[in-house]
Structures are given as C-alpha cells and as structure tokens.
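Handing you a structure now.
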Amino acid sequence: MNLNDLAANVLQQQRSTPDLIADALREAILRGIFQEGQSLRQDEIATQFGVSRIPVREALKQLEAEGLVTLHLKSRCDRIGVDSTRGARNL
C-alpha cells in the first residue's frame, strides 16, 4: 500500500453533509431523543448543525425513504413526524 492507495481510501470514506446529518438524526431517533410523532423543524435542526436548510432537507428525505420520518410540508412551517418503531424494523 502506498500514499495513493491511502488517499483513495480516505476520499472514498468522505461523506456529504446531508449523509452526516442523516446519520446523527437517525441515531437520535433510534436512541429515543426524538419521540414518535414528535414534530421537528428543519430550520431548528439546521441551526443546531450550523448549516442551511438544504442539507437538512436532503437528510430528512433520506430518513423518509428509510421510513424513519414523514415529511409534512405546509407553507413556511415544515413538520417532520418521527416513526422510530417503523424505522427500527426497517433497518
């Protein structure tokens, strides 16, 4: 193994901001930090992570595809319904 191989391995392991946020939110849901049915706000999550709403929205779409959250978009107030039991069964 040489430096090029090591660099390639490191670059393959780099993850996007939405992936990192999705990982953290997934862990929070599965640990019970967010309760089933709890409403979350994208802008509040973005503030906590120090990012714009765009990577948070992408992360939530990943979690919706996994069945962990349900997105309810209404005008300026975005709500996310947490479904930890369904998501835990799907993982």
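The values are calculated or read from the model by the stated rules, or taken from the named source; none is laboratory data. Note that the structure is predicted; figures quoted are calculated from it, not measured. Ideal geometry is used to build each Cβ from the backbone, glycine not excepted, and the neighbour counts take in all protein chains shown. Note: accessible area is taken over every heavy atom of the protein model, side chains too, but ligands, DNA and RNA are not part of it. Shrake-Rupley method; radii C 1.70, N 1.55, O 1.52, S 1.80 Å.
Does residue 17 meet the test of being open to solvent by 40 Å² or more (accessible area, probe 1.4 Å), within 11 Å of the chain's Cα centre (by Cα) and modelled with pLDDT of 85 or more? Don't jump to the end; show me each part of the working.
Details: open to solvent by 40 Å² or more (accessible area, probe 1.4 Å): yes; within 11 Å of the chain's Cα centre (by Cα): yes; modelled with pLDDT of 85 or more: yes.
Yes.
If we scan segment 56-69, do we find a residue that is in contact with a Gly (Cβ under 7 Å, 6 or more places away or on another chain), at positive phi, modelled with pLDDT under 90 and not in a helix (DSSP H, G or I)? I'd like the intermediate steps shown before the answer.
Looking only at segment 56-69, we keep the residues that are in contact with a Gly (Cβ under 7 Å, 6 or more places away or on another chain), and these are 66-69.
Subset that is at positive phi: 67.
Now drop any that are not modelled with pLDDT under 90, which leaves 67.
Subset that is not in a helix (DSSP H, G or I): 67.
Yes, that holds for at least one residue.
Among the listed residues 31, 89, 76, which satisfies the condition of being surrounded by fewer than 11 Cβ atoms within 10 Å (Cβ to Cβ) and at pLDDT 85 or above?
On the way: 89 fails: at pLDDT 85 or above; 76 fails: at pLDDT 85 or above.
Only one candidate qualifies: 31.
When segment 34-71 is examined, which residues are found to be open to solvent by 80 Å² or more (accessible area, probe 1.4 Å), of a type outside the set (Lys, Arg) and closer than 15 Å to residue 82 by Cα?
Correct list: 35, 36, 65.
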